[in-house]
Each structure stands twice: as structure tokens, then as C-alpha cells.
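What follows is a single structure, written as C-alpha cells, with notes after it.
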Amino acid sequence: MHLSCLLLLLLSHYAHSFTFVPLKRSPTTPTRLFSDYVPAPSPTGPGTLTLLGAGPGDPTLLTLKALQLLTDPATLVVSDRLVSRPILDLVKGNLLIANKNPGCADLAQNEIYNWCMASLSLGKNVVRLKIGDPFIFGRGGEEVLYFRERGIEPVVVPGISASLAAPLLGGIPLTHRGVSNQIVICTGYGREGTSPDLIKYHPEQTVVFLMAIGRLRSLSERLIKMAGYPRETEVGIVEKAGCEDQRTLRGNLNNIADLAEAHEIIPPSTIVVGGVCAVLESGMLEKKDGLKLLDGEIVDLAESKSKEILSGEVDRLRKELEEKESALRGMQ
């Protein structure tokens, strides 16, 4: 038999041999929230892969492209753990969630790769959903290289990064004339759990930390002792930016860790360090549009956003997208 025919028969045989098998759990296996079944590994097929940014958490801040992909019932969405519930609720197709808890992030990442490769081999359209923007401390570049080495070129759809959106939603301008003329974006965790090098203090600099709330106390101490920051340097924390339960905490490097523990601040949270945290303080001491900021106080910034409003906004965006698609088809 001709070699090309033999290869074709082999590919045809394997293309029909995929099965879904129950996941064998172990103490080190990340917990999946929506499915106990994953497709068995198989040769690469003609599926498509999109790396999609989910933004900080508010579904009305999604791009129209993101909304289109998430509401496609033929799409498998593989999501990170910290993507907000309102955004996950938009998914119309199958959904898998990797539990990237501290200590098992690498295991969860390998599981994500296995899910994606197995589904792509079955010809599925896969959306890899990542909080914020895929390329800002989201391992998006690593995932592009991983899949490229295996013959798959992902499409990348940007999202609004929490490093920029969360401070805005918390009433903190990242730059302000005479206060800050530069922005540095850092992560709280380096490779293999290491602490990244810190940027030396500059009085007109804003530093934004992502994925650092678990190291807030040590981070504050290192900024003071190793990077030359004054203890009274202003700090703001925006928890669950853009979500209905968003909270903002304001303090300084000397007390912010104690305040965060007292108010049980949890991920996802964005930490802002610098004088800009206090720039708008005088105009926000009184309640305006559901916003009230006090030093060392927790503030609910989302009380004016009810579930009904969010749902209505999502429906409006979906309708707008459908109308634009219809208009484009009419022009063809």
C-alpha cells in the first residue's frame, strides 16, 4: 500500500478513537468546578484556539469580540479560577475551570494544556479565558509559545488589564500632574514562587502590584527596608474590581497589612502604592454616586450596580453585536 494511503488510514482510525474518561482524582489534582470528565489525549486536529482577556470582572467591560466568543454554544471555554462569576455565567457552551491555588499553579497549568490539546485534537474551538489581559502577568506569552511548538497558532484577543482598570474603578488615578509621572506594574510572585526584585522609591512614581495580596505584609516590609519607601507612603487596595462585591481599602505601608487582615481582603485584588492613592481623597470623603472613601475603611463601590442592571447591560451589548453582524452581512 502506498505510504500516503497508509498514513491516511492511520489518521482516520485515530480520529474515531477518542473517548471521554473520568478524571482520577488525587490529593494533588486541582479541583474542577463544572466537569469531572476530560477528553483522552489524541493527535493534533483542526481545532482553533483563542487566548481571551476577561477584563477585571465586570461583564459590561468585556469587548464585543469577547462577548461573541463566550456566547458561542459550539465553543469550549477553559477558564482561570479568578474569572468572575457574572462573566462565567455568559458561557453558552462547555466550561472547564482550572483551580490555580497557591502551591498547585504548575499542576493546574499542565492540566489546562492537556484540556486544550485534547479538545483541539477533536476539532473543537477552544477559548482560553484569562482574567484581565492575557499578556500582563497572565502567562499568555508562555501559552502562545507552548501551543506554537505543537503546531497551533493561537488568536489573541486583548482584555482590560486590572492593573489599569482596578485603580480607576477604585477612584485612584495612576498618574496626576505634580504627583506621579510614571507607572510601574509588578507581580507579587516570580517563577517558582520567588519574590521579584523591587523598584527603588521615587516620589513621583506609582507602583501597581498584581497577584500580591498573599504577600502584602512581607511586600510592605521589603518596600520600606530594601526599596527606600517611607512608611507613610499611601497604599490602596481594590478587591474584585468591577464586580458587585468590589471593595476598596486605603492605608499606608505601615498599616495596610493589618488593615487587609482585619477586613479579610482576598484575591483578586490590585495593590497601588504611591501618592496618587490620596489625590482624590478630599473629593470623596462625602458620598457621591454610591462612593465613599475613608482612610482605613472598607468601601463597597458597587452598591449602585444591581444584578438587574448588569444583566440588562449584557443583553444590550449582545443585541448591539447581533445588529452589527447583520449589517455587515448585508454589505457583503
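The values are calculated or read from the model by the stated rules, or taken from the named source; none is laboratory data. Owing to the predicted nature of the structure, the values given are computational and were not obtained by experimental measurement. FYI the Cβ positions are ideal-geometry reconstructions off the backbone, even for glycines, and counts take in every protein chain you see. For accessibility, only protein heavy atoms count, side chains too; no ligands or nucleic acids. Shrake-Rupley method; radii C 1.70, N 1.55, O 1.52, S 1.80 Å.
Entry note, region 54-206: relative contact order of 22 percent, from Cα contacts under 8 Å with a spacing of 6+ residues. Among the protein heavy atoms, those of MET211 account for about 100 Å² of accessible surface (1.4 Å probe, every chain in place).
When LEU69, LEU51 are compared by accessible surface with a 1.4 Å probe, the order from highest to lowest is LEU69, LEU51.
Classify region 156-220: rounded, prolate or oblate, from the alpha-carbon gyration tensor (a ≥ b ≥ c, eigenvalue square roots; a/c under 1.5 rounded; otherwise prolate if a/b is larger than b/c)? It is oblate, given that a/c is not under 1.5 and a/b is not larger than b/c. Full extension of the chain segment joining ARG318 with VAL184 gains 44.7 nm, where the gain is 0.36 nm per residue of separation less the Cα-Cα distance. Distance between the 7 Å Cα→Cβ label points at GLU149 and TYR201: 4.3 nm. From the Cα gyration tensor of region 57-166, with a ≥ b ≥ c the square roots of its eigenvalues, which class applies: rounded if a/c is under 1.5, or else prolate if a/b is larger than b/c, or else oblate? Because its axes are fairly even, with a/c under 1.5, region 57-166 counts as rounded. Normalised by the number of residues in region 135-249, the average gap of Cα pairs under 8 Å and 6 or more apart makes the relative contact order 22 percent.
The simple Förster model, with R0 at 30 Å and r as the Cβ-Cβ distance, assigns GLU142 and SER218 a FRET efficiency of 0.70. Largest accessible area first, the residues LYS225, LYS319, LYS130, LYS324 order themselves as LYS225, LYS319, LYS324, LYS130 under a 1.4 Å probe with ligands, DNA and RNA left out.
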